[in-house]
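The values are calculated or read from the model by the stated rules, or taken from the named source; none is laboratory data. Worth saying up front: this structure is predicted, and the values here are computed from it rather than measured. Here the Cβ positions follow ideal geometry from the backbone for every residue, glycine too, while neighbour counts run over all protein chains shown.
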Amino acid sequence: MSASPRAVARTAAGSALAAVLVLGSAAAASAHVRVVPEATAAGGWTVLTFRVPNESPASATTRVTVDLPTDTPLTSVSTQPVPGWTATVDRGALPEPVEVDGATITQAPLSVTWTADGDGIGDGEFQQFAISVGPLPAAGTDLVLPAHQEYADGEVVDWDQVAEGDAEPEHPAPTFTTTEAAGGHGAPAADEEEAADDATSGSGAASAAGSATDAADGDGSGALPVVLGSLGLAAGVGALAVALLAWRRSAAR
């Protein structure tokens, strides 16, 4: 026995609502400051791209600061120009001396700050900031890179929480883990250094919209929920169309 048009309509409406909720939750889950590493091999150089969405409907993001690790310092840090922003690398003394490749390091880059020269990142927008860093520490090292997002109205959001277990904190810090280098040694691969140099020597036009697809591909945790939510929304809309067609045929009879 086929379901009545009214029952079909109720089912379709429920499916559409569920799809909208899934899509909304996926968008919220991806609205974090994230880091997308171009490479993660120990001993090598890489380009780290920080994706910064604006989460305030009333105020623009005007400053972003990323803290660099001091227990496993990145001795080489350079910034990629971003139109409308000024980048500054803060270098200073480490809390304690660190041995890096047989040398004792007492000073290193401590943070990178991007300051908007104009309006900044507005509502519904995001920006990407890239730095070339190296050499990366030993394989299996978790590099935690806390970010601080400042808004024009004075609000500051600290993305500095480290996840414990499977649950993601409210303001997770951008993080990635280093991997074994090719051949199992710490020497940087030539193609990684060349890729990093090419990325940092490119024009600043490769920010924001020009790099949006690369960021989504490199950060599966943000792209997959959006794709699934979109599929769910499409299914809900299709079910609703079937319900309306059934209702019209019933009315015509």
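Can you name the strands (runs of 3 or more DSSP E) wholly within the range 122-164 that have at least 3 residues being of a type in the set (A, V, I, L, M, F, W, C)? Steps first, answer last, please.
Numbers: elements: 126-134, 142-144, 147-151, 156-159.
Per the criteria, 126-134, 156-159.
Restricting the search to the range 54-108, which residues are among the hydroxyl-bearing types (Ser, Thr, Tyr), within 19 Å of the chain's Cα centre (by Cα) and not in a strand (DSSP E or B)?
Matches in the range 54-108: Ser56 only.
Anything in the range 109-121 that is touching a residue at least 40 places away in the same chain (Cβ under 8 Å) and not in a strand (DSSP E or B)? List them, or say none. I'd like the intermediate steps shown before the answer.
To start, the set of residues in the range 109-121 that are touching a residue at least 40 places away in the same chain (Cβ under 8 Å) comprises 109-116, 119-121.
Asp119, Gly120 - these are the residues of the range 109-121 that are touching a residue at least 40 places away in the same chain (Cβ under 8 Å) and not in a strand (DSSP E or B).
If I filter the range 29-52 for residues that are more than 22 Å from Pro172 (Cα to Cα), of a type outside the set (A, V, I, L, M, F, W, C) and part of a loop (DSSP other than H, G, I, E, B), do I get at least one hit?
yes
Take Ala103 and decide whether it is more than 16 Å from Leu143 (Cβ to Cβ), at pLDDT below 95 and either out of contact with any strand residue (DSSP E or B) (no Cβ under 9 Å at 6 or more places or on another chain) or crowded, with 17+ Cβ neighbours inside 10 Å (or both).
Numbers: more than 16 Å from Leu143 (Cβ to Cβ): yes; at pLDDT below 95: yes; either out of contact with any strand residue (DSSP E or B) (no Cβ under 9 Å at 6 or more places or on another chain) or crowded, with 17+ Cβ neighbours inside 10 Å (or both): yes.
Taking the combined requirement at face value, the residue satisfies it.
Residue by residue through the range 150-184, note down the ones that are modelled with pLDDT of 95 or more, more than 23 Å from Pro69 (Cα to Cα) and not charged (D, E, K, R).
Passing the criteria: Tyr151, Ala152, Gly154.
Each row is one residue, and each column tells you yes or no for (1) free of Cβ contacts under 8 Å to residues at least 40 places away in the same chain; (2) out of contact with any strand residue (DSSP E or B) (no Cβ under 6 Å at 6 or more places or on another chain); (3) among the small types (Gly, Ala, Ser).
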| position | (1), (2), (3) |
| --- | --- |
| Asp142 | yes, no, no |
| Pro146 | no, no, no |
| Asp153 | no, yes, no |
| Trp159 | no, no, no |
| Thr175 | no, no, no |
| Gly183 | yes, yes, yes |
